[in-house]
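The values are calculated or read from the model by the stated rules, or taken from the named source; none is laboratory data. If you're wondering where the values come from, they're calculated on a predicted model, not measured in any experiment. Don't worry about glycine lacking a Cβ; one is built from the backbone with ideal geometry, like all the others, and counts go over all protein chains shown.
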Amino acid sequence: MTIDAYLTRLGGTLEGLGYAAAPLSLFAVAGFVRERYGVAEGRPLVMLLFFAGVASLVGYPAGLSIGGGWRWNNVHILLPLAVPAAVGVAMVGRWGYEAFADDDAISVGLSALVVVVVTGLVLLNGANLVYLTPATGGDTTNILVQHGQPNDDLSTLEAQLDAAADADAGVLYYGNSSMRGSFVKRDPAGAGYNAYTNFQPICTDWSESLPIHWYLAQSGANASCETDRQGLRERLNTDPPAIIVTNAADDSVPADLLDEQYAATTYNLRSKDTSLPKATVYVAD
C-alpha cells in the first residue's frame with residue numbers, strides 16, 4: 001500500500017459518502033457537535049460510535065484489497081455514524097417543535113425546510129442509485145457499483161450446475177495449464193494447497209475463472225481438473241462429466257470432439273475489460 005494508493009481509496013470513500021450518504025454524514029457531525037459542545041454531559045455511546053465511524057473512515061481504505069472496495073466497505077463507516085446522525089435529526093426535530101410552541105414561524109419554516117430537503121435527497125439518491133442507474137451491461141455511471149459479477153447473465157449456468165449436483169454428475173475444468181490465463185493451475189493435483197489462496201476445486205486458478213466458483217460452490221457439484229487432451233478423451237469414454245468448463249481462448253480444447261456430445265455456450269466473465277478471460281462451457285446434450 002503506497003501513500004498514493006491510500007489517498008486514492010480514501011478519496012473514493014469520501015466521494016461515495018458524499019454521493020450516497022451526505023445527509024447521514026452531515027447529521028452525524030451535527031449530532032457529535034451537539035453531544036460534545038451543546039450539552040453539559042454528552043452520552044458516551046454517541047461519542048464512541050462517532051469516533052468509530054471516523055476511525056473506519058481512516059482505517060478501511062488502508063485495508064482494502066482493491067481500489068473499488070470502498071463501494072461495499074462504506075457500510076462499515078455508515079453503520080456507527082447512524083447513531084450520532086439520529087441525534088442530529090432529533091436536534092432538528094426538537095428545534096422545530098420548540099419553535100412551534102413559541103410561535104416562531106421563521107424557525108418552524110427553516111426546520112421544515114431542512115426536513116423536506118433531506119427527505120428529498122434521500123429519496124432522490126435511492127431512486128437514482130437503485131432504479132435509474134442500475135449499472136447493468138457494464139454501465140459505469142453508477143459509482144457505487146463494483147463490477148464483481150460478469151457482464152453476461154450466468155443464471156443458465158447456475159441452473160445447469162444445480163442440475164449436475166442433483167444428478168450427482170461431475171463438473172470438469174479443462175485447460176492448458178502452461179497458457180497465460182488458464183483456468184487450471186500448473187499443479188492440478190493441488191500441490192502447495194493453502195486455505196487462504198485456494199478455493200474448491202483447488203486445481204483451478206481462482207483469479208482467472210472467478211466467479212464460476214461461486215455458483216459451483218452453491219450448487220454443491222463435484223468438480224475436478226484435466227490438463228491433457230488424451231486424459232480428457234479417456235474421461236469422455238469412461239465417465240463423461242455433465243459440464244466441462246474451459247477458457248474460450250485456450251486452443252488446446254478439442255472443440256470438434258466436445259461438440260459431438262455437448263452444447264457449447266461462451267460467457268464473458270468480466271464486465272468492462274473484454275480482453276479478460278471468457279469461458280466456454282460445454283453441457284451434455
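Tabulated data
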{"item": "Cβ-Cβ under 8 Å pairs, at least 6 apart or on other chains, the range 238-256 side under 15 Å from residue 223 (Cβ atoms), far side loosely packed, with under 14 Cβ neighbours inside 10 Å and modelled with pLDDT of 90 or more", "result": "240/261; 242/167"}
{"item": "Within the range 49-71, considering residues that are in contact (Cβ under 8 Å) with a residue 60 or more places away in the chain and surrounded by 13 or more Cβ atoms within 10 Å (Cβ to Cβ), the one farthest from residue 17 (Cα to Cα)", "result": "67"}
{"item": "Any chance residue 94 is in contact with a Leu (Cβ under 6 Å, 6 or more places away or on another chain) and either of a type in the set (D, E, K, R) or not assigned by TED's automatic domain parsing to the domain that holds residue 278 (or both)", "result": "no"}
{"item": "Residue within the range 46-60 that is under 24 Å from the mean Cα position of the chain (by Cα), part of a loop (DSSP other than H, G, I, E, B) and not β-branched (Val, Ile, Thr) present", "result": "no"}
{"item": "Total residues in the range 229-253, condition over 22 Å from residue 166 (Cβ atoms), out of contact with any Phe, Trp or Tyr (no Cβ under 9 Å at 6 or more places or on another chain) and in a loop (DSSP other than H, G, I, E, B)", "result": "2"}
{"item": "Cβ-Cβ under 6 Å pairs, at least 6 apart or on other chains, the range 203-225 side within 12 Å of residue 182 (Cα to Cα) and not assigned by TED's automatic domain parsing to the domain that holds residue 268, far side assigned to a helix (DSSP H, G or I) and modelled with pLDDT under 90", "result": "none"}
{"item": "Sole exception among (1) of a type outside the set (Val, Ile, Thr); (2) at pLDDT 90 or above; (3) surrounded by 13 or more Cβ atoms within 10 Å (Cβ to Cβ) for residue 259, by number", "result": "(3)"}
{"item": "Any pair with Cβ under 6 angstrom, 6 or more apart, that starts in the range 17-42 at a residue that is over 20 Å from residue 114 (Cβ atoms) and ends at one that is in a helix (DSSP H, G or I)", "result": "42/35; 42/36"}
{"item": "Count of the range 118-132 residues which are exposed (fewer than 11 other Cβ atoms within 10 Å of the Cβ) and either outside any helix (DSSP H, G or I) or at pLDDT 90 or above (or both)", "result": "1"}
{"item": "Complete set of residues in the range 91-109 that are surrounded by 15 or more Cβ atoms within 10 Å (Cβ to Cβ) and in contact (Cβ under 8 Å) with a residue 12 or more places away in the chain", "result": "91, 92, 95, 96, 99, 107, 108"}
